[in-house]
Amino acid sequence: MAFLQDKLLFSVFLVLCVTVLVSSARNKRYTPPSVTHLTDLFPHVSITDGFSNFFGASNTQLTGHGSMATLALNKSSGSGLASKYKYYYGFFSAAIKLPSGLSSGVVVAFYLSNADVFPHNHDEIDIELLGHDKRNDWIFQTNIYANGSVSTGREEKFYLWFDPTAEHHQYSILWNSHHIVFLVDNVPVREFPRNSAVFPSKPMSVYATIWDGSEWATHGGKYPVNYENAPFIASFADMEMSGCVSTPTVGCSKNNPSNLDPVEGQEFATLSKQQVTAMDWARSKLMVYSYCKDTSRFKVLPPECK
């Protein structure tokens, strides 16, 4: 009997050790490589001046004379903002603080889309922060698709190297005729080439939202939003939108006051060696899903995967 008890205790000990190791691997806080801070190159845009209400106005509050917005999700509604202008290309960034606690099913998004104008063949560039069934764990998901087919989406998912609920962190998109780059705290985590068949080409608005993604966001919908933990509140600040503004008369009006041009400037045509090193670091340590490795979904991998 004593032997069986010892064996049982040892088995429980092993399970606990494995659980701790897996959890530690996911929650480990890394120190990222040094990179150029692209967010320092462009001016902040007042939320009052740059955005209008998209939905859930009662769950949206502006503070700091319009420099910061809190967006809430409760059982009645989520909330969101939409830019007043559409952009062909540019640099777009937001400092976001995510809801703390258990957040399964919650989606906080900062993205570009033209679904309002092209409902059946729209383009989209997504940053989606997906809530988790573990406290203060979030998944950083990026996605790109063009001409309306969600089935052609190019998703990649990453863990973050910090607690995104403790303070604001910067989430950015660089989109020009050369590539699309996703950055977290100025660290590139993904570069998507212009030569892909799925590359947005039509003007898009910028959106900041929080909403209920219970059907898919956390482990494929296994863990829906638990509204006993509501309201879920995300804070957006330090908004940046610099680039090529779409206008009916001119077609493309560059609103960037600096000498650096995020639309076609050579400074943004390729990643620097420093940025490539940082991106390799992020992808090797933090990426947990890439469509390029999903052979069950793509029988023939898209050309850019090669």
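When you check residue 194 against the structure, is it at pLDDT below 95 and in contact with a helix residue (DSSP H, G or I) (Cβ under 6 Å, 6 or more places away or on another chain), yes or no?
When the stated conditions are applied, residue 194 does not pass them.
Find all pairs meeting these conditions: Cβ atoms under 8 angstrom apart; at least six residues apart or on different chains; first residue within segment 49-74 and without any contact (Cβ under 8 Å) to a residue 24 or more places away in the chain; second residue exposed (fewer than 12 other Cβ atoms within 10 Å of the Cβ).
Cβ pairs passing all conditions: 66/49.
For a quick check of your reading of the model, give me the residue pairs whose first member lies in segment 84-110 and is free of Cβ contacts under 8 Å to residues at least 40 places away in the same chain, whose second is assigned to a strand (DSSP E or B), with beta-carbon atoms closer than 7 Å and at least 6 apart or on different chains.
That search, which allows pairs on different chains as well, returns 84/51; 84/52.
Which residue, of 82, 69, is modelled with pLDDT of 95 or more and open to solvent by less than 10 Å² (accessible area, probe 1.4 Å)?
The match here is 69.
Would you be able to say whether some residue in segment 197-212 is in contact with a Cys (Cβ under 9 Å, 6 or more places away or on another chain) and in contact (Cβ under 8 Å) with a residue 60 or more places away in the chain?
Of all residues in segment 197-212, those in contact with a Cys (Cβ under 9 Å, 6 or more places away or on another chain) come to 203.
Pick out the ones that are also in contact (Cβ under 8 Å) with a residue 60 or more places away in the chain and you get 203.
Yes, segment 197-212 contains a residue that is in contact with a Cys (Cβ under 9 Å, 6 or more places away or on another chain) and in contact (Cβ under 8 Å) with a residue 60 or more places away in the chain.
Within segment 132-147, is there a residue that is farther than 27 Å from residue 295 by Cβ and in a strand (DSSP E or B)?
Checked segment 132-147: no residue is farther than 27 Å from residue 295 by Cβ and in a strand (DSSP E or B).
What number of residues within segment 111-131 are in a strand (DSSP E or B) and open to solvent by 10 Å² or more (accessible area, probe 1.4 Å)?
Residues meeting the conditions: 3.
Name the single residue that is surrounded by the fewest Cβ atoms within 10 Å (Cβ to Cβ) among those in segment 184-221 being charged (D, E, K, R) and closer than 16 Å to residue 126 by Cβ.
It comes out as 202.
Determine which single condition residue 108 fails, assuming it passes every other condition in (1) over 23 Å from residue 141 (Cα atoms); (2) crowded, with 23+ Cβ neighbours inside 10 Å; (3) of a type in the set (Val, Ile, Thr).
Among (1) over 23 Å from residue 141 (Cα atoms); (2) crowded, with 23+ Cβ neighbours inside 10 Å; (3) of a type in the set (Val, Ile, Thr), residue 108 violates only (1).
Conditions tested, residue by residue: (1) modelled with pLDDT under 90; (2) in a strand (DSSP E or B); (3) in contact with a Gly (Cβ under 6 Å, 6 or more places away or on another chain).
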{"position": "250", "(1), (2), (3)": "yes, no, no"}
{"position": "260", "(1), (2), (3)": "yes, no, no"}
{"position": "271", "(1), (2), (3)": "no, no, no"}
{"position": "277", "(1), (2), (3)": "no, no, no"}
{"position": "280", "(1), (2), (3)": "no, no, no"}
{"position": "284", "(1), (2), (3)": "no, no, no"}
{"position": "288", "(1), (2), (3)": "no, yes, no"}
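Would you mention how many residues in segment 65-99 are farther than 15 Å from residue 237 by Cα and assigned to a strand (DSSP E or B)?
Within segment 65-99, residues that are farther than 15 Å from residue 237 by Cα and assigned to a strand (DSSP E or B) number 8.
The values are calculated or read from the model by the stated rules, or taken from the named source; none is laboratory data. Being a predicted model, the structure only gives us computed values, none of them experimental. Reconstructed Cβ throughout: ideal geometry from the backbone, glycine too, with neighbour counts over all protein chains shown. Protein only, heavy atoms only, side chains kept; ligands, DNA and RNA dropped before computing areas. Shrake-Rupley method; radii C 1.70, N 1.55, O 1.52, S 1.80 Å.
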